[in-house]
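All of the numbers you see were taken from the coordinates with simple rules; none came from a lab. As the structure is a computational prediction, the values presented were derived from the model and not from experiment. We place every Cβ from the backbone using ideal geometry, glycine too, and count neighbours over all the protein chains shown.
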Amino acid sequence: MSKQTAPALPSAPNKPPISVSDSKPTPISVPLSLPSSNPATVATSPQPNPPVFVVGYTCHRCRDMGWVYTTDNPKHPEFGKVFPCECKAHDFAERRRQHLLKIDGLQPDERLRKFENFVISDDNRRAYQAVTEAITKRRGMITLTGGWGMGKTELLTCAVNKARNAGIPAVYATTAHLMDHLRQAYKPGAELDIDERWNLLTSAEVLAVDELEKFNTTEWALERFSRLIDERWRSMGNLLTLLATNAKLERLPGDVFSRLQDGRAQVVNLAGPDMRPFNQWDDSQPAKAGV
């Protein structure tokens with residue numbers, strides 16, 4: 001009897017072996033809370049507040065007021081008085097500089113004149129020394145006389161520049177412009193009234209008046225001119241007045257002539273040739289915009 005073999009079972013398909021790590025379950029994300037289907041609940045849910053910004057003081061000394069009290073001691077004689085804070089020092093200095101430029105009466109090119117560039121000769125040396133010494137003391141009354149082109153105007157403008165650059169109120173004007181400056185106060189809408197304009201001329205620490213003899217000699221102008229010279233003469237111990245004229249002093253009103261001859265005042269004559277024909281353009285100055 002033949003031996004029978006059992007039929008072979010079908011082989012299973014080849015499959016990769018199963019590792020332990022592959023048997024981990026896939027994680028499922030579940031929200032902690034489901035969104036509400038109630039519109040009212042959604043609208044009233046808390047929202048973050050907008051940020052709040054607080055800007056501090058730039059200067060803690062004056063709290064940006066620009067002024068501080070002298071003392072907080074009620075028994076101190078300066079109690080209740082204020083003075084500018086240090087934080088505003090630059091602003092005050094710049095405003096003062098602009099004010100001094102506004103009142104100096106000079107043209108932009110005239111503001112470039114300096115004593116250091118003045119050409120000294122035997123004809124003008126005494127005048128140069130008198131004006132430079134007086135500007136350091138800021139008191140007195142000096143009258144420069146002589147012909148045209150001797151350097152009188154240049155000395156006056158150099159003195160005004162020297163004072164203004166040091167922060168000292170200084171004014172230059174011809175007598176004709178000075179009288180017109182006063183007349184402008186009577187026009188409607190004038191920026192300064194007559195008292196303010198007069199005070200500017202009588203109280204400026206340095207006043208330079210050129211061309212003394214050249215103005216319309218009306219009764220009003222003569223009265224104002226004489227009063228101005230008198231005010232400056234009375235203040236020559238504290239203020240400096242510089243005057244210049246091409247004419248003989250004897251041609252001026254008698255009261256003016258007498259004050260200019262005061263023993264405390266000086267009258268200095270300049271001689272020599274007319275220097276204006278030798279003036280030249282200064283090429284070192286920058287050209288104007290658009291030129």
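A simple charge model with +1 on the Cβ of Lys and Arg, -1 on the Cβ of Asp and Glu and nothing else charged puts the dipole of region 55-103 at about 180 debye relative to its Cα centre. Roughly speaking, what is the centre-to-centre gap between region 183-248 and region 85-134 when only Cα atoms are used, to the nearest Å? Centre-to-centre distance over Cα atoms comes out at 20 Å. If the segment from Ala185 to Lys248 were pulled out straight at 0.36 nm per residue, it would be longer than the present Cα-Cα gap by 19.5 nm.
FRET efficiency for the Asp72 to Arg95 pair, using the beta carbon distance and R₀ = 30 Å, is estimated at 0.60.
So which of Lys102/Lys152; Lys102/Lys187; Lys114/Lys152; Lys114/Lys214; Lys214/Lys248 end up more than 18 Å apart, counting from Cα to Cα? Beyond 18 Å between Cα atoms: Lys102/Lys152; Lys102/Lys187; Lys114/Lys214.
In region 215-263, taking the dipole from charged Cβ atoms about the Cα centre, the farthest positive-side position among Ser226, Leu242, Asn216 is held by Leu242.
Note on region 82-181: dipole from Cβ charges, positive end direction compared against Leu178, Val119, Ala93; the farthest Cα belongs to Ala93. Listed from fewest to most Cβ neighbours within 10 Å, the set Tyr128, Tyr186 follows the order Tyr186, Tyr128. A straight chain from Asp64 to Asp122 at 0.36 nm per residue would run longer than the Cα-Cα distance by 15.2 nm. The ranking of Leu100, Leu212, Leu243, Leu112 by Cβ neighbour count inside 10 Å, starting from the fewest, reads Leu112, Leu100, Leu212, Leu243. Can you tell me what percent of all Cα-Cα pairs in region 55-103 are more than 14 Å apart? The proportion of pairs with Cα distances above 14 Å equals 62 percent. Extension gain, Leu112-Arg264: 0.36 nm per intervening residue step, less the Cα-Cα distance, totals 51.6 nm.
Taking every C-alpha pair closer than 8 Å and separated by at least 6 residues, the mean separation divided by the residue count of region 105-275 gives a relative contact order of 36 percent. The GluC sites (Glu not before Pro) of region 191-232 that meet both conditions, a loop assignment by DSSP and at most 11 other Cβ atoms within 10 Å of the site Cβ, are Glu191.
Within straight-line reach of Lys162, meaning a Cα separation under 14 Å, sit the following aspartates and glutamates at least 8 residues removed in sequence or on another chain: Asp104, Glu110, Glu116, Glu133, Glu154, Glu205. Of the trypsin sites (Lys or Arg not before Pro) in region 162-233, which ones lie in a loop per DSSP and count no more than 11 other C-beta atoms within 10 Å? Those that pass, being in a loop and sparsely packed, number zero. May I ask you to derive the FRET efficiency for Ser226 and Val52 from their Cβ-Cβ distance with R0 = 51 Å, giving the value to the nearest 0.05? Efficiency for this residue pair is about 0.15.
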